[in-house]
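Just below is one structure, and these are the notes that go with it.
The values are calculated or read from the model by the stated rules, or taken from the named source; none is laboratory data. Everything numeric here is computed off the predicted structure, so don't read it as measured data. Cβ sites come from the backbone with ideal geometry, for glycine too, and all protein chains shown count toward neighbours.
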Amino acid sequence: MALIDTFLAALDERQIARRVGLRHDEARLQYPLRRNTVASFDAFTSAIADYFNHHFTQCVSNGGALPPAEAAGRAKEILESEYRRRNGDIVSAFNDAHDGTNGGLRVVLDTIAEALKKESVERYIRDVFDQHVAPNSWNDKVEIIRQFIRRCGANLTSSIRTDQPERYAQNYQELIRSYVDALRQTSSIFRRL
């Protein structure tokens, strides 16, 4: 099997789902949600910190929990970022959890789960690139990036210059983000629970 074929096989959405996505989905499903609303911002902070630690210990640290303040801070950063995309902020997330609007606390926790899954998928894809793209051979890097773009170009965002593989050979982070964004839009890996 050619290098590009093993490279692309590792990037197949079923492989990503099996190696990364399923674990995140199961962690989300295993978390017991007693109520879909919270009474106060303190209860909101406690709920998102507890969930973040649950998900983090299941999927990222393999058992090592974060201090509650660290878990709350990371969860708030995720929510702030994700809600900003929807023209909101952390207050919008709190209001949803407090009032039960837009899916309530369940959707707030889903948002955290999806963001953690996306980060893990990006790390997995970065690792696949690192394993298959020789860091010490410029020509090999350009060639495998060229082949990747040729085969996956239709799935990449329009910001990727498909005619310039050299642009991504040294630093393929933009290429990875584009591929993950395309997967997020079309793949069952990122379908809501």
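Here are some notes:
- Options 140, 163, 127; residue that is in a loop (DSSP other than H, G, I, E, B) and either of a type in the set (Asp, Glu) or closer than 22 Å to residue 17 by Cα (or both): 163
- Flag for residue 118 being more than 15 Å from residue 183 (Cβ to Cβ) and either aromatic (Phe, Trp, Tyr) or part of a helix (DSSP H, G or I) (or both): no
- Residue match in the stretch 132-140 (condition: in contact with a helix residue (DSSP H, G or I) (Cβ under 9 Å, 6 or more places away or on another chain), farther than 27 Å from residue 29 by Cβ and either of a type in the set (Lys, Arg) or crowded, with 17+ Cβ neighbours inside 10 Å (or both)): yes
- Residue 8 part of a helix (DSSP H, G or I), in contact (Cβ under 8 Å) with a residue 24 or more places away in the chain and within 16 Å of residue 117 (Cβ to Cβ): no
- In the stretch 149-160, the qualifying residues are those that are assigned to a helix (DSSP H, G or I) and of a type in the set (Gly, Ala, Ser), and the one that is surrounded by the most Cβ atoms within 10 Å (Cβ to Cβ) is 153.
- In the stretch 103-110 there is no residue that is charged (D, E, K, R), surrounded by fewer than 19 Cβ atoms within 10 Å (Cβ to Cβ) and closer than 23 Å to residue 171 by Cβ.
- Some residue of the stretch 62-71 being within 25 Å of residue 181 (Cα to Cα), assigned to a helix (DSSP H, G or I) and either at pLDDT below 95 or not aromatic (Phe, Trp, Tyr) (or both): no
- Residue that is in contact with an Asp or Glu (Cβ under 9 Å, 6 or more places away or on another chain), surrounded by 14 or more Cβ atoms within 10 Å (Cβ to Cβ) and at pLDDT 85 or above, where the choices are 184, 177, 146: 146
- Counted residues, the stretch 91-102 - those being surrounded by fewer than 21 Cβ atoms within 10 Å (Cβ to Cβ) and part of a helix (DSSP H, G or I): 7
- Some residue of the stretch 37-45 being over 17 Å from the mean Cα position of the chain (by Cα), buried (at least 19 other Cβ atoms within 10 Å of the Cβ) and assigned to a helix (DSSP H, G or I): yes
- The residue of the stretch 24-36 that is farthest from residue 104 (Cα to Cα), among those that are buried (at least 16 other Cβ atoms within 10 Å of the Cβ) and of a type in the set (D, E, K, R), is 25.
- Matching residues in the stretch 74-102 - criterion: being over 22 Å from residue 20 (Cα atoms) and either among the aliphatic types (A, V, I, L, M) or in contact with an Asp or Glu (Cβ under 7 Å, 6 or more places away or on another chain) (or both): 80, 83, 89, 90, 91, 93, 97, 102
- Near pairs, Cβ below 8 angstrom, 6+ apart or cross-chain, from the stretch 40-54 (in contact (Cβ under 8 Å) with a residue 40 or more places away in the chain) to any residue that is outside any helix (DSSP H, G or I) and hydroxyl-bearing (Ser, Thr, Tyr): 51/31
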